[in-house]
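Participant: This is the structure I have questions about; it appears just below.
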Ligand SMILES: *Cc1c(COP(=O)(O)O)cnc(C)c1O
C-alpha cells in the first residue's frame, strides 16, 4: 500500500477509479440523483452492484449457524474465517501478529477493550485519551479505576518522553482517533510506535487507535507490526456503506490483558457448569474465539466479501479515495473561505486549514457562518434550508465534545451551565452568549463529485452571502407617518383542535370564545406515539394534514374525518367534548414539542397527557398514518375529576401558562434534573399566531419573481399554509393606497372586535419546515422557504407572522365571563398599536 506522503503528490480527482466519477455515480448510486449527500462521516453509501452481488450470494448459498457441525454450518465458518484473513490483508496486517474480532461497531470494539482492561488487573487500569476523541472513546474513562487524563498534542509528547521511567505495573491504555470525526484532522499515527518503544517492558502500556473516521477515506497500513497500534477499532459501514458491522484488530501478543475479561458468552467457552460450582473453561484456541460473545453476525461478515470486491473494482485502493477526497476537500475549503459579504467580511469560519496535506487533514470541513454584521448564523437554520435544497449535512457537536468545545472556545463550566439551562445534544439551541454551540459539518466520500461541491458552495452563496446592504428595510418604517392609517380587520379565524392536523375554520358570523391561552379548543388534542408518548409532528408525518377535525358544538362532539382516498379504515370518528376521565389512560412517557425554540421548562406534575384508551380510537389514527399512535388530551391528574371541558380547559391551560411564565428562562437552571421527566416547550402552546394578508401578498410577489426563470409554474400560496389562527387583512382605501406588508413587525399590541380584546404581540414566528407542507395535498412546497429567507431573515432566522397572547392588563375582562364578552369573529375591526407609539 502507498504511504500518505506519496498520495499527496498525485492528489487528484478520481485518479485510479474504475471509471469517471460521474459514470460510477450514475451506475452505482442512482439514489444520489438530485441529492447532494455530504455526510460521509456519518456513513458512506453502498454501491448498487455490491448489494446485488451480496444478495446473489445469500440466495444461492445455504448458510448455517457457524457453531454447529452441519455442511451449511461449515460453509459459514469457512467463509467467515476466510474473511478474517481478507480483512487483515486490507490493512496489510500479518495474521501471525494480528487477529480480527468481529463486533457490532467501533463503539463495541472500544467497549470490549475497556471491559477487558477493567478485569485484567485487580487494581484496574489507567486511561489516557486525546481531546479530539469520539464520545465512545471518552466513555472508557468511567471504567478506569487507576485514573484518567485527557490529552492535547503537547501533553502527548511530554507524556511519551517521560515513559520508561515509571515503576508502575498496572496496565495503561492510551487511545486516540486516527482522524477527528468532527473536523477531519488527522492525528500522528506514529504515536503508537513511539509509545511502544518508549515504554519499558514492565510498564504495560497499550495503544488503542480509533480508526473509524479515518478509514472512510484513507488507507491504514499495519504492515510494520512493531509500530502499529495494539488495538484498532473500526466500523465497516463507514468504509463500504454496508454491512453494519465493526471490528477490533488485536495484536496477538496482548492476549494476556484481554483474557481475564470476566463475562463469558456462548461461543467463547469450552465448558461451563451452570449450577453448583461456578466453573467454566475459556476457549484456548484464538483471541477472537474468546472475545466474540454469542453467534457471530455471520451474514454481515459474509457481506464483507462482496464489499471488499466491489470496493476494489470501483475504486482500486483506499489511496485513490484519499487522493480524490483530499482534492475535493481542498477545493471546497478554498471556495468557502473565499466567500465574502459586500463589506468584505468573511462568511465562513472554518475550524481547520491544512486541506491539501493528506497527512494532516481528512475530507471533513467543520464550519460556522456569520452575517455581514459579524453575527453567527444559527446552524439548525442552515440545516433546514439545506434540506430544502436537498443537501444533506450534519450539525451539532457531532459526537465529538472535546473537539467542538476546543474549536468554539467553550470551557467545561460553560457547558455545565448550558446543560443546566436546558441545552442538550441534538437540540435547537444554536447560539448562546453570542457564540455558536455547535458546528456545521460537511464530509466527503469516495463517490462525491465536483457537482456536489458546487451545489454546496452555490447554496451558501445564494442564501448566506450578502451581496449588497439591504436596500429596502425589512418592513416600511412606521415612523414615516402614513397619511391614511391602514384599516385592519379579521379576515379569517382558524383553530387546530388536534395539533399538527388539519385546520378547523371558524364559520363566518359565528362568535368564538377567546380564553387567556388563546382561541377556545385550539390545540386541545394531540396525536401521540403509542410507545414513546411523544407528540407526532406534521413534518415527520405529512399525512396528518389530511386528518380533519370538526367541532360540532350543537351535538357536543369532535368529529374527525380522514380524506377517503388515503385510507381504507373507518371514514370518521366521533369524540365527545365532555371530558370523561374513564375513557382515557395516563401517558407516562415524556411529552415534548419542539417546533418553537426556547428553553424547555417543567410543568407541574398534576398535569399530564391522557391518551384515549379505546382501541377504536388508536386504530383509526394508526391505520391512517401508518405509525402506532393514538389521540390524547391534556388533563389534570386527578382521575375522579369529571368536568365540563370549557372550564377544565381554562383551568389547566391557565395553570400551565402561569407555570410557564414562572419557570421558563430565568428559573430553568434551578430545576432539578429528575423533575424534567415531563416537559414541553410551551411558548406557542398558549398563544395565537397572527399573519397579515398584505404580507402574504407581498411574499407571493417575491415567489413569482423568483420562479420566473425556473420551469414549474407555482400557484400562489394561501394563508392556510402558515397555520395561523388569525389572518388580518387591510381595507385598501379608494385613493389607490397601497398595502402595508410587514406592518405587523412593528405592532406591540392589538385590540380586536366589539369586546376590545387586547392582545400583546410576542416574538415573530420563526418558520420551520412545516411551513413547506401544503395543507391540502400534504406535499412539500419548497419554493416558499426558498423565497422567504431572502426577504425575512433576522439574525439568520426566517420570520413570518407574530405570536400574541391575551394581555394581562385586560385579563380580568375575560375572567369575568360576562356573556358575549371575550369573543371575536370574522370581520371584527383590528386596531394595532405600534412599538414607538
Ligand atoms: C463513527 C465513529 C465512531 C463510532 O462508530 P460506531 O459505528 O457508531 O460505533 C467512533 N469514533 C469515530 C472517530 C467515528 O467516526
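Participant: Take the residues in region 623-645 that are assigned to a helix (DSSP H, G or I) and under 21 Å from residue 557 (Cα atoms), then tell me which one is modelled with the lowest pLDDT.
Facilitator: 645
Participant: Okay, moving on. Determine whether region 224-242 contains at least one residue that is farther than 21 Å from residue 99 by Cα, within 16 Å of the ligand (Cβ to nearest atom), assigned by TED's automatic domain parsing to the domain that holds residue 102 and assigned to a loop (DSSP other than H, G, I, E, B).
Facilitator: yes
Participant: When residues of region 153-187 are filtered for being within 26 Å of residue 361 (Cβ to Cβ) and in contact (Cβ under 8 Å) with a residue 40 or more places away in the chain, how many remain?
Facilitator: Within region 153-187, residues that are within 26 Å of residue 361 (Cβ to Cβ) and in contact (Cβ under 8 Å) with a residue 40 or more places away in the chain number 14.
Yes or no, residue by residue, for (1) at pLDDT below 80; (2) buried (at least 19 other Cβ atoms within 10 Å of the Cβ):
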{"site": "385", "(1), (2)": "no, yes"}
{"site": "390", "(1), (2)": "no, no"}
{"site": "397", "(1), (2)": "yes, yes"}
{"site": "403", "(1), (2)": "yes, yes"}
{"site": "412", "(1), (2)": "yes, no"}
{"site": "416", "(1), (2)": "yes, no"}
{"site": "419", "(1), (2)": "yes, no"}
{"site": "424", "(1), (2)": "yes, no"}
{"site": "428", "(1), (2)": "yes, yes"}
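Participant: Another question about this same structure. Is it true that residue 93 is in contact with a helix residue (DSSP H, G or I) (Cβ under 9 Å, 6 or more places away or on another chain), under 27 Å from residue 215 (Cα atoms), more than 16 Å from the ligand (Cβ to nearest atom) and touching a residue at least 60 places away in the same chain (Cβ under 8 Å)?
Facilitator: yes
Participant: Further, regarding this structure: Restricted to region 432-454, and to residues that are under 15 Å from residue 323 (Cβ atoms) and out of contact with any strand residue (DSSP E or B) (no Cβ under 9 Å at 6 or more places or on another chain), which residue is surrounded by the most Cβ atoms within 10 Å (Cβ to Cβ)?
Facilitator: 446
Participant: For residue 192, all conditions in the list (1) buried (at least 23 other Cβ atoms within 10 Å of the Cβ); (2) touching a residue at least 40 places away in the same chain (Cβ under 8 Å) hold save one; what is the number of the exception?
Facilitator: That leaves (2) as the condition not met.
Participant: May I ask you to list pairs of residues, at least six apart or on different chains, whose Cβ atoms are under 6 Å apart, with the first in region 25-45 being assigned by TED's automatic domain parsing to the domain that holds residue 453 and touching a residue at least 12 places away in the same chain (Cβ under 8 Å) and the second being within 16 Å of the ligand (Cβ to nearest atom) and assigned to a helix (DSSP H, G or I)?
Facilitator: Partner pairs satisfying both residue conditions: none exist.
Participant: Now for a separate question. Taking the condition more than 18 Å from residue 229 (Cα to Cα), surrounded by fewer than 21 Cβ atoms within 10 Å (Cβ to Cβ) and within 12 Å of the ligand (Cβ to nearest atom), does residue 107 pass?
Facilitator: Judged against the criteria, residue 107 is not a match.
Participant: While we're here: Collect the residues in region 41-62 that are over 30 Å from residue 183 (Cα atoms) and either touching a strand residue (DSSP E or B) at 6+ places or on another chain (Cβ under 6 Å) or in a helix (DSSP H, G or I) (or both), keeping them in residue-number order.
Facilitator: 49, 51, 52, 53, 54, 55, 56, 57, 58, 59, 60 - these are the residues of region 41-62 that are over 30 Å from residue 183 (Cα atoms) and either touching a strand residue (DSSP E or B) at 6+ places or on another chain (Cβ under 6 Å) or in a helix (DSSP H, G or I) (or both).
So that you can scan it fast, the table gives a plain yes or no per residue for (1) on the phi > 0 side of the Ramachandran plot; (2) more than 11 Å from the ligand (Cβ to nearest atom):
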residue	(1), (2)
113	no, yes
124	yes, yes
131	no, yes
136	no, no
142	no, yes
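Participant: I need the full set of residues from region 196-214 which are in a helix (DSSP H, G or I) and surrounded by 23 or more Cβ atoms within 10 Å (Cβ to Cβ), in order please.
Facilitator: 214
Participant: Now a separate question. Among the residues of region 312-362, count how many are assigned to a helix (DSSP H, G or I), within 29 Å of the chain's Cα centre (by Cα) and buried (at least 18 other Cβ atoms within 10 Å of the Cβ).
Facilitator: 13
Participant: Is region 99-111 home to any residue that is modelled with pLDDT under 90, over 30 Å from residue 407 (Cβ atoms) and over 31 Å from the mean Cα position of the chain (by Cα)?
Facilitator: Scanning region 99-111 turns up no residue that is modelled with pLDDT under 90, over 30 Å from residue 407 (Cβ atoms) and over 31 Å from the mean Cα position of the chain (by Cα).
The values are calculated or read from the model by the stated rules, or taken from the named source; none is laboratory data. Please read these numbers as outputs of a predicted model, since none were measured by experiment. Cβ: placed from backbone, ideal geometry, glycine included. Neighbour counts: every protein chain shown.
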